[in-house]
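Shown next, in structure tokens, is the structure this report addresses.
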Amino acid sequence: MLNTLEDLQQLSKRCELHRNRHQSRIAVCAGGGCSASGAQQVYESIRAELERRDLLNTVDQTFSEDACSGITPLGTGCQGFCEKGPLVRLEPSGTLYTEVSTDDAEAIVDSLLSGTPVSRLLYLDPTEKRSYEKEASIPFYKLQSRITLRNCGSIAPDDIREYLAKGGYQGWANALERTPDRVVQEVLDSNLRGRGGGGFPAGKKWSIAAGTDAEQKYLICNADEGDPGAFMDRSLMEGDPHRLLEGMLIAGYGIGATVGYIYVRAEYPLAVDRLRHAIEEAESLGLLGTDILGSGFSFSLRIKEGAGAFVCGEESALIASIEGRRGMPKPKPPFPAVSGLFNMPTVINNVETLANIPDILQHGSAWFRSLGSSASPGTKTFALSGDVENTGLVEIPMGTTLRELVYAIGGGVRSNADFKAVQIGGPSGGCLTAEHLDLPLDFDSLQSAGAMIGSGGLVVMDEATCIVEVARFFMNFTQLESCGKCVPCREGTRRMLEILQKIVEGRGTTEDLDHLEEIGSAVRIGSLCGLGKTAPNPVLSTLQYFRDEYLSHVVDRRCPSGVCKGLRRFVINEPLCKGCSRCAKACPVDAISGTIREPYLIDQDKCIKCGACKDVCNFDAVEEVA
């Protein structure tokens, strides 16, 4: 049990020395992407190989001042390079192996012992045709600035000593040497803007709550990451849970809250388990509980598992869910910082926002402002996915251009296809085109382009993507997730989805495009909560930048990308047709007619575009045309 700040400093030094004596480590990425590719089996095979050679050390052994000659295997959080998993990194050399299998265990152990890399497991850049040995030299990593993700992939997330050895809880130690007002001022001076989507200055929320008199105040971490394609918060919670806890401790101290909630979706079971374990570790050391480190400050943390409703990412709906009511938003003001959970002052920050706090208190607001851009300082994590060579978890300085992210870090569009667009910010975000490739990725620049950072999901799309179908996909998501409380969102998104469905089925008209814009504007203006107000963004932004593609659907009755089945056309190539009648027999609506041994014909008015004729033709005579 730690009773004073001095106790914490002494333990941190012991943990650092302990880790330094165990520098020979084999770190296996246990993030979601690598785990899906067999990372757990890779870890077990490496551990078994170390046991076979009597070289095994474990991170759970007692502190020892003896020199260590063994090797420690550990499962880490997400190492980021999801496209090339399972990933294995050797320490202290920093050698990174990609696409590792269970058969590679012996070669990997030999490599660590000899210092000679296994060349076939090194990352091979497809453009430069060269291999990279060190993780830090691979373009995917070299061009990043990993601040909040610094420990993800390098520590055992279920051992608090690992976090302490890397400087963990030093920001909290610095906070306790200041008054709560000075802690809030430090965050205000940093200009940290909320990483959950809107970019509201975190310090302003804190100062409002801190200045509100109340018997009880609350702090809530919004970990309800519901955007399709987003996994930033999940990776942080799974790979470095104590960073979140430390950020919440500092925030609670600053605003005067004694109780904190982590609202995390139940679909993240590993994150929930890691957080619970981290809370137990912190409580056992006296870093959570009453009179923490003799400071007189008390703070407890509770986990609330959400059922996965997208609307519960909105502050007032999230509060309602914690209180045991149906997750539905309510009008503001009052804002949560004045009257929130149980009608008490409540600050709500998302995972990444709180994960920035320890570094701000440890290194100072000036250091934080030196990163990123002047109006949007710091870094931002992105879940890079879609038609890009290097998918994965990325952290870059605010203001980095879209081109740098997609091409320098992401490796460009897959298969050397042409870049078409990115969808940024999920269902609440918008679509950016090739003309935006040099746009800085920060809050204000994206807003001016009709998009938003959101939580950080970024989906790259190539020329084969149908933009209209993308808009329909996101509108289908938001319509299903609408809580139904207000008419503009409930009925407006339904009607927009009906129109988009009509367009992709080949029944759209030019008037439908006008209706989409009219309804979208009404939904944006009239919806009750921020999620409803941003629901039309994917549709309105694609109408703005890809109107020609919409017109192709409704005027030319064709999908330029050949994606929309309702706009498919099947024709028979007469020179190839043998007149066997197989296509006519397979057609469920009798749309094909002809004479045996003569070319057959498809009646386009009857054809339902099912493709059965093409499937049964043995002579490739049935062709699909755009």
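Taking the residues in segment 264-280 that are touching a residue at least 40 places away in the same chain (Cβ under 8 Å) and surrounded by 20 or more Cβ atoms within 10 Å (Cβ to Cβ) as candidates, determine which candidate is farthest from Glu162 (Cα to Cα). Per the criteria, the residue is Arg265. Of the residues in segment 565-577, not one is under 30 Å from Gly197 (Cα atoms), of a type outside the set (Gly, Ala, Ser) and touching a residue at least 24 places away in the same chain (Cβ under 8 Å). Residues that are at negative phi and either modelled with pLDDT of 95 or more or aliphatic (A, V, I, L, M) (or both) within segment 185-200 comprise Gln185, Glu186, Val187, Leu188, Asp189, Ser190, Leu192, Arg193, listed in sequence order. Might you let me know whether segment 260-283 holds any residue that is in the same structural domain as Ala202 (by TED's automatic domain parsing), closer than 14 Å to Tyr169 by Cβ and of a type in the set (Ser, Thr, Tyr)? No, there is no match, as no residue in segment 260-283 is in the same structural domain as Ala202 (by TED's automatic domain parsing), closer than 14 Å to Tyr169 by Cβ and of a type in the set (Ser, Thr, Tyr). Being more than 27 Å from Arg146 (Cα to Cα), buried (at least 16 other Cβ atoms within 10 Å of the Cβ) and touching a His at 6+ places or on another chain (Cβ under 6 Å) is a condition met by at least one residue of segment 464-473. Cβ-Cβ distances below 8 Å connect the following pairs, each with a first residue in segment 374-397 that is under 20 Å from Asn350 (Cα atoms), a second residue that is part of a strand (DSSP E or B) and of a type in the set (Phe, Trp, Tyr), and a separation of six or more residues or different chains: Leu393/Phe382; Val394/Phe382; Glu395/Phe382; Ile396/Phe382. For the criterion of being among the basic types (Lys, Arg), closer than 27 Å to Glu6 by Cβ and in a helix (DSSP H, G or I), Arg243 passes.
Please tell me if Leu531 is under 20 Å from Phe310 (Cα atoms), among the hydrophobic types (A, V, I, L, M, F, W, C) and buried (at least 22 other Cβ atoms within 10 Å of the Cβ). Criteria met by Leu531. For segment 78-95, a tally of residues being of a type in the set (A, V, I, L, M) and closer than 14 Å to Asn390 by Cα returns 1. Being within 19 Å of Asn151 (Cβ to Cβ) and touching a Gly at 6+ places or on another chain (Cβ under 9 Å) is a description that applies to Ala355.
Within segment 365-384, track down each residue that is part of a helix (DSSP H, G or I) and either in contact with a Cys (Cβ under 7 Å, 6 or more places away or on another chain) or within 14 Å of Ala202 (Cβ to Cβ) (or both). Residues satisfying the conditions are Ser365, Phe368, Arg369. Scanning segment 410-436 for residues that are touching an Asp or Glu at 6+ places or on another chain (Cβ under 7 Å) and of a type in the set (Asp, Glu) gives a single hit, Asp418.
Pairs are defined by a Cβ separation below 6 Å, a sequence spacing of at least 6 or placement on different chains, a first member in segment 407-418 that is more than 11 Å from Thr127 (Cα to Cα), and a second member that is of a type outside the set (Val, Ile, Thr) and not in a loop (DSSP other than H, G, I, E, B); the pairs so defined are Ile409/Phe140; Gly410/Leu384; Val413/Phe419; Val413/Asp462; Ala417/Asp462. Are there any helices (runs of 4 or more DSSP H) wholly within segment 535-615 with 2 or more residues that are within 30 Å of Glu435 (Cβ to Cβ) and not acidic (Asp, Glu), and if so which? Because the criterion is at least 2 residues that are within 30 Å of Glu435 (Cβ to Cβ) and not acidic (Asp, Glu), the helices (runs of 4 or more DSSP H) in segment 535-615 that meet it are 537-545, 547-554.
Looking at segment 32-65, which of its residues are aromatic (Phe, Trp, Tyr) and at pLDDT 90 or above? Result: Tyr43, single match. Taking segment 202-251 as the range and being among the small types (Gly, Ala, Ser), buried (at least 24 other Cβ atoms within 10 Å of the Cβ) and either over 24 Å from the mean Cα position of the chain (by Cα) or on the phi > 0 side of the Ramachandran plot (or both) as the test, only Ala209 passes.
The values are calculated or read from the model by the stated rules, or taken from the named source; none is laboratory data. Since we're looking at a predicted model, the values are computed, not measured. Don't worry about glycine lacking a Cβ; one is built from the backbone with ideal geometry, like all the others, and counts go over all protein chains shown.
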